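Heads up: the structure comes next, in structure tokens.
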Amino acid sequence: MNNLVKSLTGPAALLLCVPLWAFEYDYSGLRDAALLECDKLHWAAQTTAAESCYSQLASETGNDWHRAEALWALGEINDANSAFGRAVAANPENPMLRVRWGYLYLETWQYQDAVGLFQEALEIDENFAAAEVGIARANTADFSAGGFGELLNLLESHVDNMEAMMTLARLYMEQRDTEGALVYLDTAAEILNPDLPPTRLYAYYAAADYIDGKDPQSWIDKALEVNPNYGDLFVHLAFFAEITYQYRDAVRFLQKAVQIDPYNWEARAELGLALAKLDRIEDSRQHLEAAYEGDPYNIETVNLLKLFDTFDDFQVVERAISYDTPEGSQTTRVRLRLHRDEAAVLAPYSFELLERAIPLFAERYNYVPTETIAIELYPHHDDFAVRTLGEPMIGPLGIAFGYLFAMDSPSAKPPGAFHWGSVLWHELSHVFSLEASGSRVPRWFSEGLSTYEEWNSGPLDHYQIPAYVFQRIGEGRMLSVRDLDGGFLRQEYENQIIVSYQQAGLICQFIADTWGADKFAEMLALFKQRLDMEQVFEQVLGINTFAFDAQFENWVFEEFDNVIDKAEALLGYLNAAGQAYAAENWEAVLDNANRALIIYPEYTEDGNAYEPLARTYQELGDLESELTILREYQRNGGYAPGALLRLAELLELEGADAEALDVRRALRFVAPFPEQLHRDLAQGYAAAGDRENALMEYTMLLDMGAQDSASVHYGIAQLHLASGRTELARRHTLLALETAPYYREAQQLLMTIMQRDP
């Protein structure tokens, strides 16, 4: 017995609990007759009889395998795990035992342990199909891998493998390719063992109809005729509703699941998660608490309940944004949920962006929001991940669910790690593309529009395409527009998701350059009418998707031919420049960085050429060249805080105070919390005669608890006095002196005020 099996059978092998009866069907046809007798009672919704049958097997059988399966069916997961361990120890050469044990781990979200058991089964029998399917299931369960290739290869040698067919059908439906899914569902229906329930098959047929916009009721009726308590039917439908952005439908499906199977804790937990995505927090909490009572080990439930408990530490700020459209005056309400320690800074900056973006998007997409837009910024990335995905993980910076989107606040990452203003802009664009299309927009098009807006209207307003993306384009890695959704779901190579984002953005850029950005609204409107991609492209752009792919590829290579051709050399120069700077080899930095800039001057992301080149000029005392390089860096979208602060300093040395102020304004959407930034902004605004913004920055400093509050009150007093508000000037001068009684400038200001208004 190897170490994995030993570790799983020890006292620390505590598995997560699953809902009663939520055990994996065995479609292998190898199910033991004694277990199958109990299974049939369960599948027929004869719950009491099924429970009695499994209980008898669990207590009376001398077969640990039978005991494990019976305990699993009864929801006694830890005992089932122990029984599987004993069964494997007694039958070490039986691959099916390890496969079933692996499925127990799949059901409890422990994918790596499951894969380990499936691999052990293959070591016993290298052609054991059930183990190969198990690995594919594990690899596709959390969108961590492709899975298509493994399953297709398996079906070449095992043409009648039911589980492989249904897993493939699921993968196709995730990409809205119901035609591809039905090929496998129909074949599975033909070969289904009559001893096994057809309910999951019916659930997938129902999902295919739902995705295609057809009424799935006939398949729902068939599934419920077999098992009236089959709540997982609606759990499956809810999954496909969510993955196609139909969050309200997901809630309705899950409510039906809970109605017909109140003890399906997974359905209740998923309902809580789905309600949270609609910003129905209290309703969500009720279902999550009920799910926790039945299944206290479900990680997603526990995490989200803990996160809701922290909401007392957040501040809700709501505002109505008014704007004009061709149809008349409009108002959109926005509700921000911000951590109380960050609200004073993030609220005004967020609303500044929102007041620019909402009118622009309303006009661009011919859509005015009809509900309040809810936005949540989390200072801890794991909290954001729990809010959106149910568990801590490394993942995206923001996720939109229609009128609600959540994102990392600037505190969630090291300063300068991302541009939070662009993330907010990107996610807000999703609100419009999703709602304008009735949430029927293809994933790639919504992501592409948001990326396009980042590049063309957002606070950075530049391409931000990593160099390795051009390398992948040169390798022929771009997907057809028909298959591009798949590039966002399951990576077939490293960084494919990033490549897909950039390709989608470039497609939208190509459409805007060739046909005009006004076509976006027309396309969204047709998607709302349930036209497919081919119909939308032909009606709006006058071209089929095959011809579009060819024209788009030509455009990309014309637009970026030099970068694509020299992508490998570019990456080499960038790496060499970074290494040379670390070694203080200034000549090598100058050589490699300048070579990189000749190829791709627009690249300003991590590992760019500008930063080491500017620092080299600083080391060499060439401040003029340093200023030139940093100016170009910012003009091309660079936003590293250290580089921008240095640029502001150099500009002030040159007497370019207005330009320096603009640089510091840009820093607000990257690293907005340093106290010195707000002091510099307040003083810069005041010097430029912008008293309103200067007052806002000084007020932020007070709300942030600035250490030197006396100087802040003094600055506010000066602004009020310059605006003729003598009494307010007096009040803040006295507050300054209350903190620092010997503050000479404040004393002098108080005398001036008294002379004016004794």
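Of all DSSP-defined beta bridges confined to the chain, some 60% are antiparallel rather than parallel.
For the chain, what number of Lys pairs, 8 or more residues apart or on separate chains, have alpha-carbon atoms under 19 Å from each other? Intermediate results must be reported in sequence, preceding the final value.
On the way: Lys40/Lys222; Lys214/Lys222; Lys214/Lys256; Lys214/Lys528; Lys222/Lys256; Lys256/Lys277; Lys277/Lys306; Lys519/Lys528.
Within the chain, the lysine pair count is 8.
In this structure the amide hydrogen of Ile321, modeled in the peptide plane, comes within under 5 Å of the amide hydrogens of Thr332, Arg333, Val334, none closer than 5 places in sequence on its chain. Computed from Cα atoms, the angle from the helix 232-243 axis to the main principal axis of the chain rounds to 30 degrees.
Its relative contact order, with pairs defined as Cα atoms under 8 Å and 6+ residues apart, puts segment 299-436 at 23 percent. The calculated FRET efficiency for Ala49 paired with Glu538, based on their beta-carbon distance and R0 = 60 Å, is about 0.60. Starting from the Cα of Asp591, step 7 Å toward the Cβ, then list every residue of segment 551-570 with an amide N under 17 Å from that point. 569-570, by backbone N distance to the label point. For Tyr378, the residues whose amide H sits under 5 Å from its own are Met407, Asp408, Ser409, ignoring neighbours fewer than 5 places away on the same chain, with H placed 1.01 Å from N.
Couplings 3J(HN,Hα) for segment 545-555, derived from phi with the Karplus relation 6.51 cos²θ - 1.76 cosθ + 1.60 (θ = phi - 60°), are 5, 5, 5, 4, 4, 5, 5, 5, 4, 4, 4 Hz, where x marks Gly and Pro. Relative protection proxy for 464-476, 620-632, from highest mean packing down: 464-476, 620-632 (other beta-carbon atoms within 10 angstrom). Its Kirkwood hydrodynamic radius, worked out from the mean inverse distance over all distinct Cα pairs, puts segment 326-448 at 14.9 Å.
If R0 is taken as 22 Å, the Cβ-Cβ distance between Ser157 and Leu192 corresponds to a FRET efficiency of 0.60.
In this label model, Gln330 and Gln112 are separated by 4.8 nm, measuring between points 7 Å along each Cα→Cβ vector.
Diffusion coefficient (Stokes-Einstein, Kirkwood radius over C-alpha pairs, 37 °C, 0.692 mPa s) for the chain: 111 µm²/s, rounded to a whole number.
What's the ranking of 671-678, 86-93 by average number of surrounding C-beta atoms within 10 Å, highest first?
On the way: 671-678: 18.0, 86-93: 15.2.
In decreasing order of mean packing, 671-678, 86-93 become 671-678, 86-93.
Evaluated with a Cβ-only charge set (Lys, Arg +1; Asp, Glu -1), the chain carries a dipole of roughly 1760 debye about its Cα centre, given to the nearest 20.
For the pair segment 89-125 and segment 671-692, the centres of their Cα atoms are 62 angstrom apart. Between Phe311 and Val226, the simple spin-label model (points 7 angstrom out along Cα→Cβ) gives 3.9 nm. Determine Rg/Rh for segment 425-536; Rg is computed over alpha-carbon atoms and Rh is the Kirkwood hydrodynamic estimate from the same atoms. Expressed as Rg/Rh, it is 0.95. Rg/Rh for segment 141-296 (Cα atoms only, Rh after Kirkwood) is 0.99.
Beta carbons within 10 angstrom, averaged per residue: use that to sort the peptides 223-230, 611-618, 361-368, highest first. Don't skip to the answer; put the middle values down first.
Numbers: 223-230: 18.1, 611-618: 22.6, 361-368: 20.6.
Listed from highest to lowest mean packing, they are 611-618, 361-368, 223-230.
Each value in this text was obtained by applying a stated rule to the coordinates, not by laboratory testing. None of the values given here were measured: they were computed from a predicted structure. When we count neighbours, we look across all protein chains shown, and the Cβ atoms used for this are built from the backbone with ideal geometry, even at glycine.
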